[in-house]
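Trainee: Dropping a structure here in C-alpha cells format, bear with me for questions.
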Amino acid sequence: MSACSLHIRFTINGQQADVQAPPMKRLLDVLRDDLGLTGTKEGCGEGECGSCSVRMNGELINSCLVPVLQVDGALIETVEGLAIDAELHPLQKAFLECGGAQCGICTPGMLMAATHLLARNPQPSMDEIREGLAGNLCRCTGFVKIFESVVAASAMKGFDLNAR
Amino acid sequence: MSASPKTRADTPPDGHAGTRVVGTPQLRKEGVDKVLGRAKYIDDLEREGMWHGATVRSTIPRGRILTIHFDPRIDWDEFVIVTAADIPGKNHIHMIAADQPCLAADQVNHCDEAIVLLAHPDKRLLPEAVAAVRIDYEPLPAVLSIEQSETQEEVIWGPHTDEANIFKQFHLEKGDVNAAWATAAHIVEGEYRTGAQEHLYIENNGVIAEYSDDTGITVWGSLQCPFYVHKSLMAVFELPAEKVRVIQVETGGAFGGKEDYPSVIASHAGLLAKKAGRPIKIVYDRMEDLAATTKRHPSRTRHRTAVDKDGKLLAMEIEVATDGGAYTTLSSTVLSRATLHSTGPYVCPNIRITSRAWATNTVPSGAFRGFGAPQSIFAIERHMEQIARAVGIDSAEVRRRNFLHDGDTTATEQVMVEPVILDALLERALKESNYAAKREQFARENPHSAIKRGIGIAAFFHGSGFTGSGERYLNSLAGIHVPQGDKVRVLVSSTEFGQGTNTILTQIAAESLGLSYDDVEIVQPDTSVVPNSGPTVASRTSMVVGKLIERAGHQLIKRLQETVDLAESYTAQEFFAACDRYRDDRGTVESMCRYEAPPNIFWDDQKYRGEAYPAFAWAVYVAEVAVDTISYSAEVTNFHTVQEVGRVLNPVLAAGQIEGGVAQGIGYALYEKVQLKNGHMFNNQMTNYIMPTAQDVPPIHVSFEEIPFSHGAYGAKGIGELPHDGPAPAILNAIQDATSENFTTIPLLPEDIFVRMMARAQTPEIVSV
C-alpha cells in the first residue's frame, strides 16, 4: 500500500496533522483510523445521513465523501474540537440540557451542522434551522429537541461561535 | 458524593407523591460523553490483533446449496473461512424456536442468508473476497407474499397439513358474533395493509468477538438484550453459561432491530474468532444491514363490523395476517400483540379474532417498536373512520361512543380495573388541536385550493410489558450494589440505546435510597456481572425493571436501618458510612429483587384469556395534513399528542420518546417503503429508503395526563412503543378528510395518491403505467 500512499498535512482542531495514506482514502477513515478521532461516525457511507459531518475550511462536509488527497493543507474541525478543556461548547451544553442527544450516534455530526449553521447565522429562524440540519438524519428524537437545542444555544448570552 | 441535606427514603406503597428525583428533568446519564463525541460505540473499539469479518450471502430466495467455489485469483491462505461445518454446537439461532440456522448448510430460505464467513486483517480486502465466493444452487420455488403462503401449495415451513407455512395462529371468541349481524343497522367491511419498515438506527449492527478454550467466548456488541445473545451463543458453541460473556457497548439506536439480530452476528463473529484464534470485528455497512437484518412484519388485516344506528359496536370480526419471513424469530409474540391490540381501545360485546403469522422466503421479520400493535391499530383506526362515515357521525364521536371505560372488558375478558380516561384524553386532544374549527376551516377552504388540507384522529392503547404470562416466565432479577466508596451501582441487564434506561433507572435508585442523582451509577451490562433483568423491549423497563430497583432501594434502606443503625433521616455521607459498617460486619452490600406479578393478574395461555397486560398506556393523536393535488405529495403539517403513560419519570426524556416515535410513525405512513425484487431488498440505501428529515417533521405537541400505576416504578407504565402506534392511522384519516379518498395501505407514497386521483379523474391510460 505504501507505494501508492501520499504524505498529507492538514490542520485538525487547531493542531497539525501529518498522515501517510492512500490518496483516495476517505477523510472519515483517516480521522478515525489514523488519528484516533472516533467522534466522527459512519452511518451510511454515501453522504445521506450526515453522521460523518465535519467542517473543512469553514464548509460543512460529509467526510465519507472526501478523499484525503483533497484535504492537504486544509483546516478540519471535528466534534473533538468543540469543547475547550473541560468546558462544553454552548451547543453541547444545549444538546445535553434540552434532550437533543438520545442514542448519540448522530450527535457529533449534528453538532457540527449546528455549529456551522450558527457560525453563519447566529439567530436562525425555525425554517433556517430545519434547512441547516436537513442533511443530518436523527432516528431517535424526531428532531424537535434538536431544534430546541439550537434555539437555546443561540440564545446563550455572550456566545460567539466564530470566536471559538 | 453530594453534600445532600438530610433526607429519608420515601416509603411505599404510595411512593409517587412528593418525589425529589423522579419526575424531574435530570440530565441524560451518559449525555456528556455523547455530546463530546467520547462515547465508544462498537466501531470505535479495537482489540489487540483484531481481524475483520464479512459474510457471503445467498442471492436467491430459496434453493439447495450444491457447491461453494472459491475463486483461485484470491489468495485464500490469507483468510480465515468458516462454513456451517465449523459450528461446534447447534446450527441454530435460538429465539422462540430453533428453526433459523446460524449458517445455511444445505438449503437457503431467503435472500441474503449467511452461508460463508470470511476474516482478514485488512477490512478493505473483504468485499472483493466476498464477491469471489460463488455458490451454485438448485433453485426451489419461492413464496414471496402472504397470499402465496396462504395457498399452502408450496410448503416452505412446518408440516404438510392445514398448518403448513403457519408460524403461529390465534383464535379468540367473545360473545356471539354470528347472532349479531342480523341486529346491525350497518355492517362495515374493510381490508388494511401495512408494509415492512426498516428500523434505520443510524448505527448499523456490529460486534467484536473473542474466543479462547480457557475462558470461552466474549462478545462486545451494539445490542438490546445481552442475555438473548448469551443463550444463543451457548447453543452455537455448546458452552456452559459461565463460558459465555456478552457485554453491551454504547448502542446507536435499536428500536427492536437489535433485539434478535445481534444473536446472529455475534455467533458469526464468534465462529470466526474461534477459528482464527484472534478477536474478530464485524460491523455491517448500511447496504448489508438493510438487506440482511430484520424488518417490521408486513400485515393485512380484515375487519367486518356490525354497528347499531348510533354507531355503537355490536360485533367485530377481525382477521390478521402477518408476513414473518423465512424463520420464526419473534413472529408468534408479535402476532400475539397484534391480535390483542386489533380491537383498539373499544368495548364490544361480540368479538372474533383469527390471526396467523405466515412464512415467506424473505428476510425474517423481527421486533420493531410497537411489535405488531402499529399494524393492527392502523387497521382498526382506519376502520373506525369508515364506520363514522357509514353511520354519518363525526370521527371523534364514533370513538367516544365506543371507548373502553373502567369496569369494561376487553376481547380477552380483561376487566379494566385501572382508571381509563380516554374521554378526557380525547377532549384535551380536540381542544389542543383546535379540531372542530380546523375541520370546518379546511372543508370551507379546500374547494378553492390545489392544496387539500385535512385533520384526523387516532385513539389507541399499548399494553405495557410482556404479554400474558411473559413477565412471570422472564422472572427478572435486578438490584443495587454499594461497593466501597461513595457511589451506588445499579445492576441490571437493561440496556441504554437512546431511550433513557440509564437515566430513569438511576433516578429511581436515587429516589428510593434517599440519595441524589449523582450518587448513583449504572453498571455496564455484562452478563458476567449483572443479573438477568430481562430484555430491553416491550415498554417494560420503566414499569417492570424500574419497580425492581425501587423495591431494591427500599429493601436496602430497611436492612441498613435494622442492622447498622441507619437513622430514619440521613445524609448521603451517613448512608455510605452505614454501608461501610454493613460491609465490615456482614460482607457485600447488595439488594436484589425478583419480579412479582401484580395481584389479580391471571393469564390462561391455552384459552388466551385473562389479563393480557398489567397496565395499558392510552393516547389520542391528531394529525393535520396538506395534500398537494399537483405534486401528489402528502405532508404532515402539525401533530398533537395527548397520552396517559402513568407517572412521567423524566419529562424531557418522555417527551423525546413521543416526538421520536411520532417521527418514525410519519415515516411508516408516508415515506418508508421496503422494495423487494425476488425477495431481496433492492432499495437498501439511505438514498432510496427515505426516512423523515428535519424538514419533513412538523411541530409535534406533547401532553401527558398522569395516573400513577401502583405496580410500576413510582407509578410508571410503558411509554417507548406507544407513540409509534398512532401516527399512521391519524395521518391517513387526515388525508381522507382532505381528499375524501379512503386509502387503506401504508406506506402511502405520492405515486399511490397519483394513481388513485388519476383513476378518479377517469384517465385509465395513465393508470395503467
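Trainee: Answer with yes or no whether B:L233 is away from chain A (no Cβ under 14 Å) and buried (at least 24 other Cβ atoms within 10 Å of the Cβ).
Mentor: Yes: the conditions hold for B:L233.
Trainee: Still on this structure, please answer the following. Scan the stretch B:523-547 for residues that are crowded, with 24+ Cβ neighbours inside 10 Å and of a type in the set (A, V, I, L, M, F, W, C) and jot them down.
Mentor: Within the stretch B:523-547, B:V530, B:V537, B:A538, B:M543, B:V544, B:V545 qualify.
Trainee: Does B:G18 satisfy the criteria of being at pLDDT 95 or above, assigned to a loop (DSSP other than H, G, I, E, B) and not assigned by TED's automatic domain parsing to the domain that holds B:Y714?
Mentor: no
Trainee: Only one of B:A626, B:A619, B:A615 is among the small types (G, A, S) and more than 23 Å from B:Y668 (Cα to Cα); which?
Mentor: B:A615
Trainee: Every residue in the stretch B:685-723 that is more than 11 Å from chain A (Cβ to nearest Cβ) and more than 30 Å from B:A552 (Cα to Cα), please.
Mentor: Passing the criteria: only B:S703.
Trainee: For the subset of the stretch A:28-54 comprising residues that are more than 10 Å from every other protein chain (Cβ to nearest Cβ) and under 15 Å from A:Q15 (Cβ atoms), which member is nearest to the chain's Cα centre (by Cα)?
Mentor: Selected residue: A:V54.
Trainee: Tell me, which strands (runs of 3 or more DSSP E) lie completely within the stretch B:21-86 with 1 or more residues that are out of contact with any helix residue (DSSP H, G or I) (no Cβ under 7 Å at 6 or more places or on another chain)?
Mentor: B:63-70, B:80-82
Trainee: Moving to a separate point now. I'd like to verify a number: residues in the stretch A:99-114 that are in contact with a Lys or Arg (Cβ under 7 Å, 6 or more places away or on another chain) and more than 7 Å from every other protein chain (Cβ to nearest Cβ), how many?
Mentor: Total satisfying the criteria: 3.
Trainee: Would the stretch B:97-108 turn up any residue that is outside any strand (DSSP E or B), under 30 Å from A:D29 (Cβ atoms) and without any contact (Cβ under 8 Å) to a residue 40 or more places away in the chain?
Mentor: Scanning the stretch B:97-108 turns up no residue that is outside any strand (DSSP E or B), under 30 Å from A:D29 (Cβ atoms) and without any contact (Cβ under 8 Å) to a residue 40 or more places away in the chain.
Trainee: All but one of (1) farther than 24 Å from B:N688 by Cα; (2) buried (at least 24 other Cβ atoms within 10 Å of the Cβ) hold for A:H7; which doesn't?
Mentor: It is condition (2) that A:H7 fails.
Trainee: One residue is enough: does the stretch B:659-673 have a residue meeting the conditions closer than 21 Å to B:F616 by Cβ and either in contact with a Leu (Cβ under 9 Å, 6 or more places away or on another chain) or away from chain A (no Cβ under 12 Å) (or both)?
Mentor: yes
Trainee: Are there any helices (runs of 4 or more DSSP H) wholly within the stretch B:386-450 with 3 or more residues that are within 28 Å of the chain's Cα centre (by Cα), at pLDDT 95 or above and surrounded by fewer than 20 Cβ atoms within 10 Å (Cβ to Cβ), and if so which?
Mentor: In the stretch B:386-450, B:422-433 are the helices (runs of 4 or more DSSP H) which contain 3 or more residues that are within 28 Å of the chain's Cα centre (by Cα), at pLDDT 95 or above and surrounded by fewer than 20 Cβ atoms within 10 Å (Cβ to Cβ).
Trainee: Taking only pairs six or more apart or across chains, which ones have beta-carbon atoms under 6 Å, a first residue in the stretch B:707-720 that is β-branched (V, I, T), and a second residue that is assigned to a strand (DSSP E or B)?
Mentor: Cβ pairs passing all conditions: B:I707/B:E644.
Trainee: Now for a different question. Which of the residues spanning the stretch B:147-165 are crowded, with 20+ Cβ neighbours inside 10 Å and either on the phi > 0 side of the Ramachandran plot or part of a strand (DSSP E or B) (or both)?
Mentor: B:N165
Trainee: A further question on this structure: Return the pair list, or none, for Cβ contacts closer than 6 Å from residues in the stretch B:198-222 that are at negative phi to residues that are at pLDDT below 95, at least 6 apart or on different chains.
Mentor: none
Trainee: Go through the stretch B:674-732 and count every residue that is acidic (D, E) and surrounded by fewer than 24 Cβ atoms within 10 Å (Cβ to Cβ).
Mentor: The total comes to 3.
Trainee: From the list A:I146, A:I105, which one is part of a helix (DSSP H, G or I), within 17 Å of the chain's Cα centre (by Cα) and at pLDDT 95 or above?
Mentor: A:I146
Trainee: For the stretch B:548-573, how many residues meet the condition of being touching a residue at least 24 places away in the same chain (Cβ under 8 Å), in a helix (DSSP H, G or I) and surrounded by fewer than 18 Cβ atoms within 10 Å (Cβ to Cβ)?
Mentor: The qualifying residues number 3.
Trainee: Give me a count of the residues in the stretch B:484-501 that are more than 14 Å from chain A (Cβ to nearest Cβ), in a loop (DSSP other than H, G, I, E, B) and within 12 Å of B:V523 (Cα to Cα).
Mentor: Number satisfying all stated conditions: 4.
Trainee: Do we find a residue being buried (at least 22 other Cβ atoms within 10 Å of the Cβ), modelled with pLDDT of 95 or more and more than 13 Å from chain A (Cβ to nearest Cβ) anywhere in the stretch B:22-44?
Mentor: Yes, the stretch B:22-44 contains a residue that is buried (at least 22 other Cβ atoms within 10 Å of the Cβ), modelled with pLDDT of 95 or more and more than 13 Å from chain A (Cβ to nearest Cβ).
Trainee: Specify which of the listed residues (B:P345, B:P349, B:P364) is closer than 13 Å to B:T322 by Cα and in the same structural domain as B:E154 (by TED's automatic domain parsing).
Mentor: Just a single option satisfies the conditions, and that option is B:P364.
Trainee: Still on this structure, please answer the following. Looking only at strands (runs of 3 or more DSSP E) that fall completely inside the stretch B:212-321, which ones have 3 or more residues that are over 26 Å from B:L340 (Cβ atoms) and touching an Asp or Glu at 6+ places or on another chain (Cβ under 9 Å)?
Mentor: Output list reads B:216-221, B:244-248, B:280-283.
Trainee: Any idea which residue in the stretch B:59-99 is surrounded by the fewest Cβ atoms within 10 Å (Cβ to Cβ), counting only those that are closer than 23 Å to B:D285 by Cβ and touching a His at 6+ places or on another chain (Cβ under 7 Å)?
Mentor: B:E78
Trainee: Now, a different point. Go through the stretch B:260-294 and give me each residue that's buried (at least 23 other Cβ atoms within 10 Å of the Cβ) and under 20 Å from B:A359 (Cβ atoms).
Mentor: Result: B:D260, B:Y261, B:S263, B:V264, B:A292, B:T293, B:T294.
Trainee: Ok, one more. What number of residues within the stretch A:1-27 are in contact with a strand residue (DSSP E or B) (Cβ under 8 Å, 6 or more places away or on another chain) and not in a loop (DSSP other than H, G, I, E, B)?
Mentor: 16
Trainee: Confirm whether A:V151 is aliphatic (A, V, I, L, M) and either surrounded by fewer than 19 Cβ atoms within 10 Å (Cβ to Cβ) or more than 7 Å from every other protein chain (Cβ to nearest Cβ) (or both).
Mentor: yes
Trainee: Let me ask something else about it. Take B:T506 and tell me if it is more than 19 Å from the chain's Cα centre (by Cα) and among the hydroxyl-bearing types (S, T, Y).
Mentor: So B:T506 fits the description; yes.
Trainee: Could you check B:A459 against (1) over 20 Å from the mean Cα position of the chain (by Cα); (2) buried (at least 20 other Cβ atoms within 10 Å of the Cβ); (3) within 24 Å of B:N742 (Cβ to Cβ) and say which number it fails?
Mentor: (1)
Trainee: Within the stretch B:227-256, work out how many residues are more than 20 Å from B:L474 (Cα to Cα) and acidic (D, E).
Mentor: 2
Trainee: May I ask you to verify whether B:Y632 is surrounded by 16 or more Cβ atoms within 10 Å (Cβ to Cβ), more than 30 Å from the chain's Cα centre (by Cα), in the same structural domain as B:T739 (by TED's automatic domain parsing) and not in a strand (DSSP E or B)?
Mentor: yes
The values are calculated or read from the model by the stated rules, or taken from the named source; none is laboratory data. Worth saying up front: this structure is predicted, and the values here are computed from it rather than measured. As a convention, Cβ positions derive from the backbone with ideal geometry for all residues, glycine included, and neighbour counts pool all protein chains shown.
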